[in-house]
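What follows is a single structure, written as structure tokens, with notes after it.
The values are calculated or read from the model by the stated rules, or taken from the named source; none is laboratory data. Only a predicted model underlies this, so the values are computations on that prediction, with no experimental measurement involved. Cβ coordinates were reconstructed from backbone atoms using ideal geometry, including for glycine residues, and neighbour counts include every protein chain displayed. Quick note on the areas: whole protein, heavy atoms, side chains included, nothing else; ligands and nucleic acids left out. Shrake-Rupley method; radii C 1.70, N 1.55, O 1.52, S 1.80 Å.
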Amino acid sequence: MASKIKVKVKLKGDVAEVKSLMLHPMETGSRKDPDSGATIPVHHITELTFLNNGETVMAVHCSTAVSRDPFFSFSFTGAKAGDTLEVRWVDNKGESDSVETVLG
Amino acid sequence: MLRPAFCRLLLLCLAAILSLPALAGPEEDREAFRAYFSQRFPDVPLDEYVNGIYALDPKAREQWLDIEQFPPYEFAVEQGEVLFRQAFANGGGYADCFDNGGIGIRQHYPRFDPALGEVVTLELALNRCRTRNGESAYAWDSDELVALSAYMAWTSRGKAIDVEIPDDPNALAAYEAGKRFYYSKRGQLNFACSDCHVTSAGAYVRADHLSASLGHPSHFPVYRSKLGRLISLHSRFYGCVRDVRARPFEEQSEEYRNLEYFLTYMSNGLMVNGPGARK
Amino acid sequence: MQLSRRLFLQGSVALAALLAIPRALVAAAWPEKAFASKAASEAMTALFGTDQATPSSAISLDAPEIAENGAVVPISVETTLENVRSVSIVVEKNPRPLAVSFEIPPGTLPDVACRIKMGQTSQVMAVVKTDDGLFSAAKEVKVTIGGCGG
Amino acid sequence: MNAAPPAESGAPVSAETAAGVIEQAEAARRKAAELRAEWLETRDLIAQAQKEADLGHLLQAVELAERARRQGELAVAQAEREAEAWQRRVVR
């Protein structure tokens with residue numbers, strides 16, 4: 001698997017409806033491993049950013065209360081076909097992922 | 001005057017009694033199964049049963065539809081496609097092991113294999129394809145096997161489930177064994193599958209809303225939000241048997257394969273819509 | 001070992017921060033204190049400087065009455081309020097009430113959705129920050145414990 | 001079933017008695033398993049009983065093994081009943 005982020009964008013005039021889903025365990029730090037009984041350390045996306053042609057159109061700050069394999073949707077204006085939308089996140093361990101998609 | 005009429009009636013009754021066991025073949029079972037749910041839930045179209053509890057519970061359905069607008073199983077379908085296309089070390093591939101190159105064929109599984117005299121599920125066929133080609137078999141609950149199954153279901157979406165019971169006494173015996181399993185009470189809680197998913201379909205077990213068995217196998221494998229991953233139909237069987245406090249059978253055991261055979265036959269004519277998303 | 005690891009982490013975080021700085025807007029840093037708060041009012045104060053938000057019918061908060069699964073509760077917030085800066089979701093009874101916060105730059109519509117975890121039945125509040133102040137809408141979401149499916 | 005007697009209360013249970021009850025429990029469990037009708041925790045109860053017996057906690061061992069034996073017997077009875085009873089549930 002390349003990126004673990006998926007994005008779907010619907011253009012309606014100059015409004016882009018963005019839906020994004022990403023694979024991430026979003027561990028709360030209070031869950032125990034069912035086999036070993038050991039506490040699973042906290043591991044969650046902290047910041048998620050959507051940039052259209054390099055400009056931030058959405059920044060999301062997340063706690064561990066965001067569900068596993070997070071989903072977000074929002075809309076922004078001023079979009080047009082051919083724009084490049086980038087999604088990227090960083091988590092509390094400093095890991096990151098990103099993906100780019102061209103609006104069409 | 002009365003006498004011949006009475007005799008005729010008696011004969012008719014006798015004929016009816018004698019023909020009853022003969023009548024209850026798989027096709028009659030299936031029709032009765034569909035008719036039962038049609039009567040229980042007259043407002044639910046038969047096609048809707050492939051959506052499980054969401055066919056019966058409008059509030060849960062809304063939340064499910066929200067997840068379905070961007071379902072987490074899409075990653076597994078993608079992974080499954082990549083795995084499906086990867087050639088084995090010997091140059092062979094999954095496509096060589098299935099009809100139509102493995103695309104759009106989910107609806108024919110499980111199949112009865114007359115040569116082997118047993119029910120072959122899609123997962124079993126996938127693993128046998130691997131071992132025949134010199135690859136090691138995947139664990140039944142491995143992400144890889146479930147992803148392959150998810151991809152193959154995905155390519156079969158919208159096809160009508162079409163499980164066959166060939167003219168072979170062993171095939172009928174496998175079907176009957178699955179049927180018997182389905183209707184037998186087991187475990188410390190003394191429940192049969194049918195107690196929850198026929199008799200009590202639509203009712204609550206604590207906070208869980210019970211789904212109808214019609215359509216049950218259509219949407220597997222299923223992404224469980226609770227687990228954050230996809231599970232196979234047999235893993236669900238395992239969970240149900242454990243939940244009635246019986247010692248569960250292993251995935252792909254003869255018991256579960258026969259159960260899948262019966263259960264899927266009951267859903268013949270409904271659409272494949274796997275993979276699915278459940279809580 | 002410990003020290004060098006920490007230095008490395010600091011370095012990588014700084015680098016990530018540098019790379020992540022958007023051109024049009026310097027997004028607020030991850031509000032650690034607000035996320036660590038154990039009470040809703042504390043989290044609000046940490047995030048906004050006040051825990052007072054005016055209830056507003058211009059905010060529509062969509063959440064299920066009964067969550068099918070407390071681990072995946074779909075929430076969406078939309079508002080006709082103008083000049084919205086952020087939309088935050090606060091779950092009163094969660095151990096850490098502040099769940100998520102959306103920073104809304106000019107040009108982005110105040111219409112967001114996500115899925116969150118809830119430990120128990122609770123009021124869920126959407127807090128909308130605009131140039132004119134703080135506004136809110138709330139709804140109770142029931143969380144039940146399942147038998148076999150849950 | 002009555003509450004378990006306190007462990008090591010000094011009641012006269014011999015190691016042989018405990019071993020015998022565990023054996024009976026295991027036989028009942030095996031019979032249920034052959035009928036494909038074993039209950040979820042029967043074998044855990046037997047394992048626990050064995051563990052207690054090994055520690056010399058014979059009363060506890062007997063109590064656990066009795067529960068396991070009862071489960072095994074009930075599972076067998078269930079399977080025998082279901083040999084016919086399942087047909088009454090078939091949707092017709």
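For D:LYS31, list the aspartates and glutamates whose Cα falls under 13 Å from its own Cα; do not include residues on the same chain fewer than 8 positions away.
D:GLU23, D:GLU73, D:GLU80
Collect residues whose amide H, placed 1.01 Å from N in the peptide plane, falls under 5 Å from the amide H of A:SER67; neighbours closer than 5 in sequence don't count.
Answer set, sorted by chain and number: C:ARG115, C:ILE116, C:LYS117.
Relative to the first principal axis of the alpha-carbon coordinates of chain B, what is the inclination of helix B:26-40, with its axis defined by its Cα atoms, in degrees from 0 to 90 and to the nearest 10?
90
If I histogram all Cα-Cα distances within segment B:39-279 using bins 5 Å wide from 0, what percent of pairs lands in each bin?
Result, from short to long distances: 1, 6, 13, 19, 20, 18, 12, 6, 3, 1, 0 percent.
Let me know the shape class of segment B:236-279, please: from the alpha-carbon gyration tensor, a ≥ b ≥ c as square roots of the eigenvalues, rounded when a/c is under 1.5, otherwise prolate if a/b is greater than b/c, or oblate.
Numbers: a/c = 2.44, a/b = 1.44, b/c = 1.69.
It is oblate, given that a/c is not under 1.5 and a/b is not larger than b/c.
Might you tell me the accessible area per residue for segment D:52-92, computed with a 1.4 Å probe and given in Å²? If you can, show how the numbers build up before the last one.
On the way: 2170 Å² over 41 residues.
About 53 Å² of surface per residue is accessible.
Tally up the carbon and sulfur contribution to the accessible surface of the protein assembly as shown as a whole percent, 1.4 Å probe, everything protein left in place. Don't jump to the answer; show the numbers that get you there.
Working: 16100 of 30070 Å².
With neighbouring chains kept in place, the figure for the protein assembly as shown is 54 percent.
Take the cross-link list B:LYS226/C:LYS117; A:LYS4/A:LYS80; A:LYS6/A:LYS32; A:LYS32/A:LYS93 and give me the ones stretching past 22 Å between alpha-carbons. Spell out each step's value before the answer.
Values: B:LYS226/C:LYS117 11 Å; A:LYS4/A:LYS80 25 Å; A:LYS6/A:LYS32 29 Å; A:LYS32/A:LYS93 19 Å.
From the list (B:LYS226/C:LYS117; A:LYS4/A:LYS80; A:LYS6/A:LYS32; A:LYS32/A:LYS93), the Cα-Cα distance tops 22 Å for A:LYS4/A:LYS80; A:LYS6/A:LYS32.
Determine the per residue accessible area of chain B with all protein chains present and a 1.4 angstrom probe, expressed in square angstrom.
Details: 12500 Å² over 279 residues.
Using a 1.4 Å probe on heavy atoms only, each residue of chain B averages 45 Å².
In Å², and per residue, what accessible area does segment C:29-145 have when probed at 1.4 Å with the other protein chains present? Provide the component values of the computation, followed by the final result.
Details: 5170 Å² over 117 residues.
Averaged over the residues of segment C:29-145, the accessible area is 44 Å².
Per-residue HN-Hα couplings for segment A:78-86, Karplus 6.51 cos²θ - 1.76 cosθ + 1.60 at θ = phi - 60°, whole Hz, x for Gly and Pro?
Calculated HN-Hα couplings, in order: x, 8, 8, 4, x, 5, 9, 9, 10 Hz.
Nearest 100 Å², what total accessible surface is buried between chain C and chain A (probe 1.4 Å)?
Details: alone 9890 and 6250 Å², together 13560 Å².
The C and A chains share an interface burying roughly 2600 Å².
In Å, what Rg and Dmax follow from the Cα atoms of segment C:29-145?
Cα radius of gyration and Dmax of segment C:29-145 are 13.3, 41 Å respectively.
Buried accessible area for the D:B pair, summed, 1.4 Å probe, in Å² rounded to 100?
Details: alone 6350 and 14810 Å², together 19270 Å².
Answer for the D-B pair: about 1900 Å² buried.
Hey, can you list the residues from segment C:59-77 whose accessible area shrinks by 10 Å² or more with all protein chains present, relative to the chain by itself (probe 1.4 Å, no ligands or nucleic acids)?
Correct list: C:PRO64, C:GLU65, C:ILE66, C:GLU68, C:ASN69, C:ALA71, C:VAL72, C:PRO74.
As a check on your grasp of the helix formula, calculate [θ] at 222 nm for the protein assembly as shown: sum -39500 (n - 2.57) over DSSP H runs of n ≥ 4, divide by the residue count, round to the nearest 500. Display every interim value, and only then the final one.
Details: 15 runs with 216 residues, N = 625.
Taken over the protein assembly as shown, the calculation gives -11000 deg cm²/dmol.
Buried by at least 30 Å² relative to the chain on its own: which residues of segment A:82-97 qualify, computing accessible area with a 1.4 Å probe on protein heavy atoms?
A:ARG88
Sorting C:VAL124, A:VAL15 by accessible area (1.4 Å probe), largest first, what list results? Before the final figure, lay out the partial values.
Numbers: C:VAL124 0, A:VAL15 35 Å².
From most exposed to least exposed: A:VAL15, C:VAL124.
Based on alpha-carbon atoms only, what is the radius of gyration of segment B:152-211 relative to the globular estimate 2.2 N^0.38 Å?
Values: Rg = 15.9 Å, N = 60, 2.2 N^0.38 = 10.4 Å.
So the Cα radius of gyration is 1.52 times the expected 2.2 N^0.38 Å.
Report the C-B buried area as the accessible area lost on both sides summed, probe 1.4 Å, in Å² to the nearest 100.
On the way: alone 9890 and 14810 Å², together 23080 Å².
The buried area between C and B, both sides summed, comes to about 1600 Å².
Considering only protein heavy atoms, what is the solvent-accessible area of B:LYS185 at a probe of 1.4 Å, reported in Å² to the nearest 10?
Accessible area of B:LYS185: about 50 Å².
So how tilted is helix B:122-132 from the main axis of chain B? Cα-based, degrees 0 to 90, rounded to 10.
Approximately 50 degrees, to the nearest 10.
For a paramagnetic label modelled at 7 Å from the Cα of A:VAL15 toward its Cβ, which residues of segment C:26-59 fall within the zone defined by backbone nitrogen distances under 19 Å?
Answer for this model: C:58-59.
Given the convex hull of the Cα atoms of chain A, what is a quarter of its surface area in nm²?
About 7.1 nm², averaged over all directions.
Of the DSSP beta bridges with both residues in segment B:39-279, give the percent that are antiparallel, rounding to the nearest 5. Kindly include the intermediate steps, with their values, before the conclusion.
Values: 10 of 13 bridges.
So the antiparallel bridges amount to about 75 percent of the total.
Taking 50 Å² as the minimum loss, tell me which residues in segment A:25-66 lose that much accessible area going from the chain by itself to the full protein complex (1.4 Å probe).
For segment A:25-66, once contacts with the other chains are taken into account, A:THR56, A:MET58, A:ALA59, A:HIS61, A:SER63, A:ALA65 lose 50 Å² or more.
If we restrict to alpha carbons, what Rg and Dmax does the protein assembly as shown come to, in Å?
29.2, 109
For the pair B:ARG40/D:ALA47, report the inter-label distance in nm, with labels modelled 7 Å from Cα in the Cβ direction.
Computed distance between label sites B:ARG40 and D:ALA47 equals 3.6 nm.
Please name which of B:TYR238, A:HIS61, B:ASN190 has its Cα lying farthest along the dipole of the protein assembly as shown towards the positive end, using unit charges on Cβ (Lys, Arg +1; Asp, Glu -1) and the Cα centre as origin.
Working it through, the farthest residue towards the positive pole turns out to be B:ASN190.
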